[in-house]
Amino acid sequence: MQRSDTQSISIDAPPALVLALVGDPTRLPDWAPDFARAVRRDGDDWMIDTGSGELRIRVRVKHALGTVDFLAAGLPAGVEVGAFSRVIPNASGNEYTFTQFLAREDDLEHRRAVVAAELETVRRLCEGSSA
C-alpha cells in the first residue's frame, strides 16, 4: 500500500471556476510550477516538462462530480496512479481537496509544503477571478 497525503483549502469562488482552472492541463504551470514547467498535448495524453524530464499524464475531469484526476498514462487497464482532486460546494464557495500518493523515498514534509503552496495559488487565482 502506498502512502498518501490529502490536503484541502477553502476558496471563496464558484466551484465551476475552480474546476475550470484545475481541470485545464494547460494551466498546470500557473498553479503547480514545481510539477509542470510546461505542458503540451500528445493525443489523448499530456506531456509534462517537470524540469527533470518529461512525464506523460492523462487528465480526467468529471464536471458532474467535481473531480479532476491527474493519472500516469500508459498503465494497464484498471491501474490508476497519480493525484486525485475534488471541488466540493460549500455555501457560496467551495473546498478544493487534493490527494497525492507518494513513493517511499519521497520526502513527505517537502511534498506537503509544495502542495500547500499550490493550493494557495489556486485560491489566489480563483478568488481574483483570474482563472
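We did not get these values from a lab; they are worked out from the coordinates using the rules stated. Model, not experiment: these values are computed from the prediction. Every residue, glycine as well, gets a Cβ built from its backbone with ideal geometry; the counts of neighbours run over all protein chains shown.
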With 0.36 nm assigned to each residue of separation and the Cα-Cα distance removed, residue 44 to residue 62 gains 4.9 nm
In segment 101-131, the GluC sites (Glu not before Pro) that sit in a DSSP loop and have at most 13 other Cβ atoms within 10 Å of their own Cβ are 105
By the C-alpha gyration tensor axes a ≥ b ≥ c (rounded if a/c is under 1.5, else prolate when a/b exceeds b/c, else oblate), the shape of segment 29-89 is oblate
Taking Cα atoms, the helix 108-127 axis meets the longest principal axis of the chain at an angle in degrees (rounded to 10) of 40
Cβ-Cβ cut-off under 12 Å around residue 37, Lys and Arg +1, Asp and Glu -1: the net charge is -3
Taking r as the C-beta separation of residue 91 and residue 3 and R0 as 25 Å, the FRET efficiency to the nearest 0.05 is 0.15
From fewest to most C-beta neighbours within 10 Å, the residues 52, 10 line up as 52, 10
Over the chain, the sum of -39500 (n - 2.57) across DSSP H runs of at least four, divided by residue number and rounded to 500 deg cm²/dmol, gives at 222 nm -7500 deg cm²/dmol
Taking a crude spin-label model, label points 7 Å out from Cα along the C-beta direction, the residue 10 to residue 114 distance in nm is 2.9
So, for the Cα atoms of the chain, Rg and Dmax in Å stand at 14.3, 41
